[in-house]
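Here the structure comes first, spelled out in structure tokens, and everything after it is commentary.
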């Protein structure tokens with residue numbers, strides 16, 4: 001069974017605010033699982049989304065290179 005994360009944990013992992021997390025849900029960027037009133041996220045999906053964002057970021061060259 002996949003490990004599920006709550007919103008505060010996703011905020012901590014991603015360094016994003018609660019409101020930004022909910023915006024990403026509304027935009028279809030993140031998928032949530034609702035159990036009762038609680039929004040939960042599959043940990044592997046959050047980590048994969050974050051890795052994709054990191055991979056898509058331009059690599060900055062240092063000033064000394």
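In table form, for the structure just shown:
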| quantity | calculated |
| --- | --- |
| In Å, descending, principal axis extents of the Cα set of region 4-53 | 30, 20, 19 |
| Angle between the chain longest axis and helix 43-56 axis [Cα atoms, degrees, rounded to 10] | 20 |
| Cα-projected label distance for residue 55 with residue 11, points at 7 Å along beta-carbon direction, nm | 2.9 |
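Values in this text are rule-based calculations from the coordinates and carry no lab data. These numbers come from a predicted model, not from an experiment. FYI the Cβ positions are ideal-geometry reconstructions off the backbone, even for glycines, and counts take in every protein chain you see.
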